[in-house]
Amino acid sequence: MRYFYIIFALFAIIILGNTNKSFAQSGQELVDICGIIAGDATYLKDFQIKLEAAKPGEEPPTARHSVVLSKSTQYRFSICNSKDYSGEAIIQLYDNNRLLGTNYVVATGKSYPTFDFKCTTTGVYHIFISFKEGDQGLAVALLSFVKRL
């Protein structure tokens, strides 16, 4: 009978101890979600971004990454935001100082989950990721291969 109480007590501790689990999204979960959003494109690389909120009067924090892209290739850039933060990620692709693509249209204020880029020149390209209005946020950007042109 004594063993019964011990087993029951351990069982109760295990069950009650697991009720306070946090269900925050991890970076890997966001990568998986982004993979689904990217559709039939082939995964190449992911960028996990967590940025603090901008202080009043300051520029929003920005994550910067460089990648080498090949000419005659179509790539897809996907962005997935964590539901645990209010920030909505904006991804921008640059070649030196020239904006080549983004998921955010300033004129309409609308964001899209993906955008495709047809690379015409092999070289180093720069990816800038920030959050709208400088909010705090967690997101994953995915670079995927779509097709050879």
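A few remarks follow.
- Each residue in segment 25-54 was checked for being part of a loop (DSSP other than H, G, I, E, B), modelled with pLDDT of 90 or more and surrounded by fewer than 14 Cβ atoms within 10 Å (Cβ to Cβ), and 1 of them qualify.
- Residue count for segment 109-126, restricted to those that are without any contact (Cβ under 8 Å) to a residue 40 or more places away in the chain and part of a strand (DSSP E or B): 3
- Failed criterion for residue 91 (all others in (1) at pLDDT 95 or above; (2) more than 12 Å from the chain's Cα centre (by Cα) hold): (2)
- Members of segment 55-74 that are modelled with pLDDT of 95 or more and either among the polar types (S, T, N, Q) or surrounded by fewer than 17 Cβ atoms within 10 Å (Cβ to Cβ) (or both): 62, 64, 65, 66, 67, 68, 70, 71, 72, 73, 74
- Picking from residues in segment 75-108 that are of a type outside the set (S, T, N, Q) and assigned to a loop (DSSP other than H, G, I, E, B), the one that is surrounded by the most Cβ atoms within 10 Å (Cβ to Cβ) is 87.
- Test result for residue 129, aliphatic (A, V, I, L, M), in contact with a helix residue (DSSP H, G or I) (Cβ under 7 Å, 6 or more places away or on another chain) and not in a loop (DSSP other than H, G, I, E, B): no
The values are calculated or read from the model by the stated rules, or taken from the named source; none is laboratory data. Every value quoted in this text rests on a predicted model; they were computed, and no experiment measured them. Ideal geometry is used to build each Cβ from the backbone, glycine not excepted, and the neighbour counts take in all protein chains shown.
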